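Data first, discussion second: the structure below is written as structure tokens.
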Amino acid sequence: MDVHHRYSSDSDQSQSSADEEKRGLVQQNVNNEKEEMSDVYIDSPTPQPFSSPQPFSSLSAILAGIALLAVIASTALLLPRSSSSSSSSSGSPSSHPPDHLPDHLPDHLPDHLPDHQSNHQSNHQSNHQSNDVTTTSLPGSPPTFSCPPTAPGQPCLTTPTLQYCDFCLSNPFTALSVDAATGRIKSLRACLTGDCEQGLGFGQDALAGGIGLESKSDLPPPAVTVSDSGSPSTSWTVTVASFFGTVANDSVSITLLPSSRSFTVSTSTTSDSEAVTLYRSFSFAASSATGFYEGGPTQMKDGDLKVTRYMPTKKVMGHKIRDPNNGQATAFFSEERLLRMYSLGPKNGEFPRSDVLTYALNATAEVEFLEEEGGAGTLLISSGTTGYTSEAAESGLVHIYAGTFPGTWDTWTSPSDLLAPTSPLAAAVTSTFTLAASDYDLPPLAVPASYSPSTHIPADDLRAFLTGIYASPVGCICTHVNCVVPGVALGQIGTTIQRPDRGYSNNYYFFDPDNYISTSALLFSMDPYLQAEVKKILLGNGDLMLPSGQLPHHFSYDEPRYQALSGEIQTGPNVFWVLSCFQYAKTSGDVDWLHSYMPTLRKATNFLYDLFKDPTKNLVQVPGSLMVDVFKKWDFTSDTNAMLVGFFQEFADAEESAGNATGAEDLRNLSDDVKRDLRKYLWDAEDDDHFITQLSADGTTRDFVDYDSNFMALAHGVVSSDEAARVFNRIDGGRCRAGVTFVSEAYYGIFDTTHGNTGDSWTAMGRHAWFDSLARFRYGDKESFDETIYGPLKGQLLENTWMHERLTCDGQQMLNRTAMYFEYPSLVAMLTMRVRYGIQLQLEGLEVDPKFAPTTGAFIWEFGTLKIEHAKERVAITLPRGLRPDDTRGGQTVSIAGLEPGGLYAVTNVCEGDGLVDVNADGSGRIERGGTTLGLKCRLVLELKGGRGLRGE
């Protein structure tokens, strides 16, 4: 199907009224042995030649065609005059018909013609203006519909179709339309569940102004040709050719596969003018723009908000800190290669705190560049006020082809107009990119290509996992040059996304345990790009370790601070930074790096070893709180000591992986010693249902019934099942259980907090909920996890996209705390993978225990480099291991639960040849397979054989 538009000159406007009454549309079907093609002419002042029409074989067909023309002509008299399409950069198309009708008519005619008048009346009743362009379905041609569609605002009704003057491509997953008058991509919609057909159920339009070639110079209006080829059942391509006089030519091809969630777009742009700027503008409806550059990511939301980011007189480590002009952080230019960008979420709220919650927009756009030749850089846009995108856009992308950006590079600033090039383009600027949309606030290219709610995980779980990662903690990453101070690239991470300032006023890098949570969520994505950024962050902190092994608590700009904001010294930064390094190695498979980095990790652990000061007790004496810096704690506290039980076990695993078996044994013995004395000295023997807050060196005790330390002790297996039940019973029967999870049973008052700061004394915290969940998982309390932790948090995240720093006693977001904070969204992502589906990557293996998964039992977990297909009858695992896709180390252990108790399974591993062995599941339905190889192209399969082994008899 070819749709040709030509813009008329003023002289063409003098058509007679008689000619105007003849306006209509003729569609000819041309059949030959190679392909079928139909040509449609719309509002063209001069006819375009048909493509190789075939002569008609009979006079009767010609006479029938003449009869058809008579009907069309009489029907056209009933139609109102066509309205003109318009474009800010392209002018208006002519509204006049061809000078003459084609010489040949189709040899097959439709049984009847559409009722134009009734179509117009029905659309008028729905307040939807008609463009009065009608096409008909002819035998052998793709189906087409009346223009406009029957329901306003819907995407294409079929694939492909000319509709509402748009050429549309769609399948059950996504829909895109091209304005046949201007050649611009006009709309982009999606359907996550893949059950949207005939235009029903698609989400909001992810575009707000479309995608097209633009210029800061005066361009002549383009002549546009739209054509298509292929088949909806295999591959369908729409090609748009735009000719801007003798100044520039632009060709765009858009391809959609039948079951694809994205479009492949290839562009080629040429120009012979040395005075014309050219760029492709992407105008997006969502407000938070994130770009993955080779040098690191950058993100901005609401860049036109008026805030002061830097103090003009401030100097940090010799760098003068700039004031970027209030409300002018709207554009980010870089010549670095842009790998990927996405925009998600609505524009709402004020910085630094919102009086109202932000609500999900549910329209995300994403672009991933596959190939590029030529070009002059990219602009990320965070406002519709820059002049580079539509004014209706909240964010966007500008791919510059010809011209020079005169403003500041690699920082968010106010954009200037492009400077014209000094010479014509030497060659065509070409690019190939993937274009996709999501009907939810998550990047669509992170969704598995084969995703289906019936085979993978439920849609709400997938949304929670991806939104929890890509909407919040990704925007906290601050590794790109200029992110913290001018001219420097630092491995840092903030506590909130940029909009345009960050929470906690230029303080970064809290591992107490803030960034343990945010980096874990990033690592769980199994996205090698994000995992590499986490590595930068970890190294940036380790480089500034003191000789004692103490790590920075946080950074102010680029200056390390070894005390908390409260002035306290915490053990949290050392504990959680080391655990984050282990987490990175587990998820990425970069175990060789971990082995080489062990001396640094041992030095960081020495800071904790030095706290074993009392030779009579295997407990550390600490100077402050582990996770809540304003809570006054000292000496033998239950929080740090309960955490060290698990910490030393994980460090032992790392030593064993590095070949230090003796060190591993010593650490496991130390963990057991701490566990024993924790029970001996800090278990409340009188109430017999919790651990107390602290034992002071003078023998006195303090007790606030801290929920964090009690859940840590349970998560690390310090108590028996009966004792755990009593702890759960006390906490669940205490105050504010609706807050996920509250800090303590007793209130930390002004004398119990540093400087009388009670801001965290009556609140819930995500970090507490993490250990709460791990404890529930260990002891099998699925109901409480679902109803009091995961369910409420997932619901709030999906409703709001971004969340505040804390929750209230009744479980609502605390609106006077930092907005768009990382903690709860990151937590939801972590809980989805680690607890709900029981997936735990180890340094030397993998554990899958989906005992908290939905009751259906079967699921596919497929994100990044990890794929797990789990059902009681069959399990298949592919684990390329992220940054080390060539990793094929042997001797690893895979532990799979949720199988048929006692069932006999055939186990194969493609990395080990046939490797077929029969293994029995134990009585609980678990198989533990040692010596397994996991790596590139490795696929471990366990399949129930139908019989039962000895354990099942």
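Quick notes
- Residues of the range 812-829 satisfying the condition of being open to solvent by 10 Å² or more (accessible area, probe 1.4 Å) and of a type in the set (D, E, K, R): R817
- Qualifying positions in the range 683-726 - among the aliphatic types (A, V, I, L, M), out of contact with any Lys or Arg (no Cβ under 7 Å at 6 or more places or on another chain) and either under 14 Å from S625 (Cα atoms) or touching a residue at least 40 places away in the same chain (Cβ under 8 Å) (or both): I692, L695, A697, V705, M712, A713, V719, A724, A725
- Search result, residues across the range 908-927 that are at pLDDT 75 or above, under 35 Å from the mean Cα position of the chain (by Cα) and surrounded by fewer than 16 Cβ atoms within 10 Å (Cβ to Cβ): none
- Total residues in the range 224-264, condition surrounded by 21 or more Cβ atoms within 10 Å (Cβ to Cβ), of a type in the set (A, V, I, L, M, F, W, C) and either modelled with pLDDT of 95 or more or within 21 Å of T434 (Cα to Cα) (or both): 8
- Residue match in the range 685-697 (condition: open to solvent by 10 Å² or more (accessible area, probe 1.4 Å) and more than 28 Å from W762 (Cα to Cα)): yes
Table: residues versus (1) within 15 Å of M814 (Cα to Cα); (2) among the hydrophobic types (A, V, I, L, M, F, W, C); (3) open to solvent by 10 Å² or more (accessible area, probe 1.4 Å); (4) assigned to a helix (DSSP H, G or I).
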position	(1), (2), (3), (4)
N729	no, no, yes, yes
A746	no, yes, yes, no
H755	no, no, yes, yes
D760	yes, no, yes, no
H768	no, no, no, yes
L774	no, yes, yes, yes
R778	no, no, yes, yes
E787	no, no, yes, yes
P792	yes, no, yes, yes
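- Residue within the range 550-565 that is modelled with pLDDT under 95 and acidic (D, E) present: yes
- Complete set of residues in the range 425-449 that are in contact with a His (Cβ under 8 Å, 6 or more places away or on another chain) and either among the polar types (S, T, N, Q) or assigned to a helix (DSSP H, G or I) (or both): S431
- Here D195 passes the criteria (1) free of Cβ contacts under 8 Å to residues at least 60 places away in the same chain; (2) in a strand (DSSP E or B) except the one numbered (2).
- All conditions but one from (1) open to solvent by 10 Å² or more (accessible area, probe 1.4 Å); (2) in contact (Cβ under 8 Å) with a residue 12 or more places away in the chain; (3) assigned to a loop (DSSP other than H, G, I, E, B); (4) not polar (S, T, N, Q) apply to K536; the one that does not is (3).
- Positions within the range 570-592 being out of contact with any strand residue (DSSP E or B) (no Cβ under 6 Å at 6 or more places or on another chain), farther than 23 Å from F555 by Cβ and either open to solvent by 10 Å² or more (accessible area, probe 1.4 Å) or not aliphatic (A, V, I, L, M) (or both), in sequence order: S588, G589, D590, D592
- R735 basic (K, R), open to solvent by 10 Å² or more (accessible area, probe 1.4 Å) and not in a helix (DSSP H, G or I): yes
- Residue list for the range 402-445, restricted to those being of a type in the set (D, E, K, R) and in contact with a strand residue (DSSP E or B) (Cβ under 6 Å, 6 or more places away or on another chain): D410, D439, D441
- Filtered by the rule that a residue be of a type in the set (S, T, Y), over 25 Å from the mean Cα position of the chain (by Cα) and closer than 26 Å to P486 by Cα, the range 387-423 gives T404, T408, S414, S416.
- Any hit, the range 471-491, residues being farther than 23 Å from F576 by Cα and without any contact (Cβ under 8 Å) to a residue 40 or more places away in the chain: no
- T174 passes every criterion in (1) surrounded by 21 or more Cβ atoms within 10 Å (Cβ to Cβ); (2) at pLDDT below 90 apart from (2).
- All conditions in (1) part of a loop (DSSP other than H, G, I, E, B); (2) under 28 Å from T788 (Cα atoms); (3) open to solvent by less than 10 Å² (accessible area, probe 1.4 Å); (4) not β-branched (V, I, T) hold for K633, with the sole exception of (2).
The values are calculated or read from the model by the stated rules, or taken from the named source; none is laboratory data. Please read these numbers as outputs of a predicted model, since none were measured by experiment. Ideal geometry is used to build each Cβ from the backbone, glycine not excepted, and the neighbour counts take in all protein chains shown. Protein only, heavy atoms only, side chains kept; ligands, DNA and RNA dropped before computing areas. Shrake-Rupley method; radii C 1.70, N 1.55, O 1.52, S 1.80 Å.
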